Structures are given as structure tokens and as C-alpha cells.
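S.K.: Take a look at the following structure, please.
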């Protein structure tokens, strides 16, 4: 049973305080308590992300995103029974309370399971020509451009390895040999790497039609021009909790109109808003797909992810948004590439594998 003191958060706290506490503890949960340490509710990463989708403010009370009816175990219960309860309820943490409802401990599923490699396939899309980054990409594919002293794609790969992924497929086309020569079969990193060779450009989803695998687990698909600190464990957990067929990572994007916006009614101006800011969620280029989704990707055709999601939506399948609150940068323009250089050392810890 893990120590729990650092997980406690007073009911008067705001959501920002809960996020700070979540990010600093390995249990990935916050226990909201009153002055007597009576458990009032819990907050997990998924609770926060669902709150973000509902436009809560970080300054709002933690009670707005709190699960006020968490599953708990009683002090003294057998740990095997608690483990069985977590498996049956498909939850990863269970607070332990005494007869009065006061927090006295917590059990974490990962403590029972230990570190485990994930059998989820990861597909990294690295076949694009990256016209917007010319002349840098005249003789080098964008995923092989170096940021922080190593290719962008290598940073992506090593980040995923940290989360236990070890089965990788890289979709290649433009200057493919540079990617294959650098990564080989993956043995340098202790993983398996295979290649999906696009004869023609196939978009951000089309290469999936070339996979001839009998998948039993959701697969991760990711563009290879991203630098991000997404918690892939939380992403998979969120996908599972939402019972989604497909999950798209999304990023909040603010756009300020540089003019005054006029509202018109009956040929009259009834309101003027000066330079309003609108908020959107944009596609962040990272996805979780259930195996059956591959059936919706046409064979040997150009096909993009937005089109795939539109097809799934028309079929009434569950498509979930996973809001990214961690670092994320899409290196689409030269200014993004320069920004990546300036931020890399601060954001990423360089590790050897």
C-alpha cells in the first residue's frame, strides 16, 4: 500500500492545484478530502481532460471535475481481493478508507502488475514530402531533421519506448532509405521495427491498409513531425474508459480575429465585438484505433485520418477526443522548427537506450 499523504487535496482547492498534484505523483490520482481527511471524491487525469472538453476553467473548484462516488476498499481488506476488484471494475487506483470514511491508504494496480511491455502496435507516419519546410527537406525527410542533436523521429521513438511500446511500423516513401538506414530493425533500441513502404503517397491513414496483421489490441498511430510529452498510458486508459472505437488527440487552439466583428439583424448593426477570440479543438496527429477500424481504410488509396473519422462517425461508432494538456508542437513550418530547437532542451530529458 502506497503512502497517500501527497495525494490529498483540500476541497477548497481549484482544478489547477489538482493538475499540479496529479503531475507530481506516480499514483496518477488526487484524493479530495475535508478538514478531517474524510474522502469526498477523487480526481484522475481522465476527469481533468473531460472537464477541459466541457470548457471548465483551471480556476474553477476541483469539485467541478471530481468523481464524488469513487470505488473504495476498507482498511484491512485482502490485497488479492482489492486487485481482483480493480481488474473487474477496470480501474487503476483504489483509495483505502477506515470505517469513518477517512483516507488511510491507496492501492495501485501497477504495483501488482509491475512494469509490462505493451503489445499495442505503433504506426509512425513518416512518408510525407514536407514541402513547407523546403529547403531543409530537399535532401532530408522531415522526420530525420535533427532537433536536440537527434532526428525528430528518434525522439518520438524513444518517448514511446519509455511507455513500454516495442512493436513499431514506420510508413515510408520520400527519401525512405535515410529512415531505414538510421533505424534498421530497431535492435539498437531493443525494439522491433518494420516498414510500410508506400509506392505512392497514401495520406495519414492510407498506409494502414498495407498492414496484414491480426490485431488483438488497439493500435497507436502518430504523425512523425510532432514533439510531444503526451502520457500514452493516460491516452490508452482514456480510450478504454470512453469505450471508444477511435480516439483522436486534440489540442485547444485560440484564434483572435484582427477586426471588429459586427452582428447584423434586419439590415442594422446590433452589436460590435472588437477583435474577439474563438477557441477550437484541432486535430493533434495522434490516434488510438480499435482493430476493426482498419476495415474502413480503402486498399492502396490515398486516405487521410479526418476522412476516416468522418466515416466512423457516419457509422455511429464512438469517436472520442483526448485533449492534450502536455507539451505539443507540430513542426509544420520553419518557425516551428526554430521553436523546437529553442524548447527541446528544456522540455525533453535526453536518455540513452
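S.K.: What is the residue count in the stretch 3-26 for residues that are in a strand (DSSP E or B) and over 26 Å from the mean Cα position of the chain (by Cα)? So that I can check it myself, show each step before the final result.
M.R.: Narrowing the stretch 3-26 to residues in a strand (DSSP E or B): 8-10, 14.
With over 26 Å from the mean Cα position of the chain (by Cα) added as a condition, the list becomes 10.
So the count comes out to 1.
S.K.: Looking at the stretch 258-296, which of its residues are over 29 Å from the mean Cα position of the chain (by Cα) and under 27 Å from residue 329 (Cα atoms)? It would help to see each step written out before you state the result.
M.R.: The first filter runs over the stretch 258-296 and keeps only residues over 29 Å from the mean Cα position of the chain (by Cα), leaving 258-276.
Answer for the stretch 258-296, where residues must be over 29 Å from the mean Cα position of the chain (by Cα) and under 27 Å from residue 329 (Cα atoms): 258, 275, 276.
S.K.: Do we have residue 286 as touching a residue at least 40 places away in the same chain (Cβ under 8 Å), closer than 20 Å to residue 123 by Cα, in contact with a helix residue (DSSP H, G or I) (Cβ under 8 Å, 6 or more places away or on another chain) and assigned by TED's automatic domain parsing to the domain that holds residue 143 here? Let's see the steps before the verdict.
M.R.: Details: touching a residue at least 40 places away in the same chain (Cβ under 8 Å): yes; closer than 20 Å to residue 123 by Cα: yes; in contact with a helix residue (DSSP H, G or I) (Cβ under 8 Å, 6 or more places away or on another chain): yes; assigned by TED's automatic domain parsing to the domain that holds residue 143: yes.
Here the answer is yes, as residue 286 does meet what is asked.
S.K.: Of all residues in the stretch 27-54, count the ones that are touching a residue at least 40 places away in the same chain (Cβ under 8 Å) and either in contact with a strand residue (DSSP E or B) (Cβ under 8 Å, 6 or more places away or on another chain) or assigned to a strand (DSSP E or B) (or both). I'd like the intermediate steps shown before the answer.
M.R.: Start the filter on the stretch 27-54 by keeping residues that are touching a residue at least 40 places away in the same chain (Cβ under 8 Å), which leaves 27-29, 31, 33, 36-39, 42, 44-46, 48-49, 52-53.
Filter again for either in contact with a strand residue (DSSP E or B) (Cβ under 8 Å, 6 or more places away or on another chain) or assigned to a strand (DSSP E or B) (or both), leaving 27-29, 31, 33, 36-39, 42, 44, 49, 52-53.
Of the residues in that region, 14 qualify.
S.K.: Now a separate question. Taking the stretch 11-45 only, how many residues are crowded, with 19+ Cβ neighbours inside 10 Å and closer than 19 Å to residue 90 by Cα?
M.R.: Residues in the stretch 11-45 being crowded, with 19+ Cβ neighbours inside 10 Å and closer than 19 Å to residue 90 by Cα: 10 in total.
S.K.: Run down 125, 129 and say which single residue is surrounded by 15 or more Cβ atoms within 10 Å (Cβ to Cβ) and within 30 Å of residue 145 (Cβ to Cβ). So that I can check it myself, show each step before the final result.
M.R.: Numbers: 129 fails: surrounded by 15 or more Cβ atoms within 10 Å (Cβ to Cβ).
Just one listed residue meets the conditions, 125.
A quick yes/no check of all residues on (1) crowded, with 21+ Cβ neighbours inside 10 Å; (2) without any contact (Cβ under 8 Å) to a residue 40 or more places away in the chain; (3) not in a strand (DSSP E or B):
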{"site": "209", "(1), (2), (3)": "no, no, yes"}
{"site": "213", "(1), (2), (3)": "no, no, yes"}
{"site": "216", "(1), (2), (3)": "no, no, yes"}
{"site": "220", "(1), (2), (3)": "yes, no, no"}
{"site": "230", "(1), (2), (3)": "yes, no, yes"}
{"site": "235", "(1), (2), (3)": "yes, no, yes"}
{"site": "244", "(1), (2), (3)": "yes, no, yes"}
{"site": "249", "(1), (2), (3)": "yes, no, no"}
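S.K.: So for the stretch 146-164 (the condition being assigned to a strand (DSSP E or B), at pLDDT 85 or above and within 27 Å of residue 292 (Cβ to Cβ)), does at least one residue qualify? Break it down stepwise before answering.
M.R.: Keep residues of the stretch 146-164 that are assigned to a strand (DSSP E or B), which gives 146-147, 150-151.
Then drop every residue that is not at pLDDT 85 or above, which leaves 146-147, 150-151.
Adding the requirement that they be within 27 Å of residue 292 (Cβ to Cβ) leaves none.
No; the residues of the stretch 146-164 include none that is assigned to a strand (DSSP E or B), at pLDDT 85 or above and within 27 Å of residue 292 (Cβ to Cβ).
S.K.: When you scan the stretch 254-289, how many residues do you find that are under 30 Å from residue 307 (Cα atoms) and out of contact with any strand residue (DSSP E or B) (no Cβ under 7 Å at 6 or more places or on another chain)?
M.R.: Let us first name the residues in the stretch 254-289 that are under 30 Å from residue 307 (Cα atoms), namely 254-257, 277-289.
Applying the additional criterion that residues be out of contact with any strand residue (DSSP E or B) (no Cβ under 7 Å at 6 or more places or on another chain) yields 257.
Looking only at that region, the number is 1.
S.K.: So if I check each of 106, 94, which one is in contact with a strand residue (DSSP E or B) (Cβ under 6 Å, 6 or more places away or on another chain), closer than 21 Å to residue 242 by Cα, assigned to a strand (DSSP E or B) and not assigned by TED's automatic domain parsing to the domain that holds residue 230?
M.R.: On the way: 106 fails: closer than 21 Å to residue 242 by Cα.
Going through 106, 94 in turn, just one is in contact with a strand residue (DSSP E or B) (Cβ under 6 Å, 6 or more places away or on another chain), closer than 21 Å to residue 242 by Cα, assigned to a strand (DSSP E or B) and not assigned by TED's automatic domain parsing to the domain that holds residue 230: 94.
The values are calculated or read from the model by the stated rules, or taken from the named source; none is laboratory data. Because the structure is predicted, anything quoted here is derived from the model rather than measured. Heads up, the Cβs are rebuilt from the backbone with ideal geometry, glycines too, and the neighbour counts pull from every protein chain shown.
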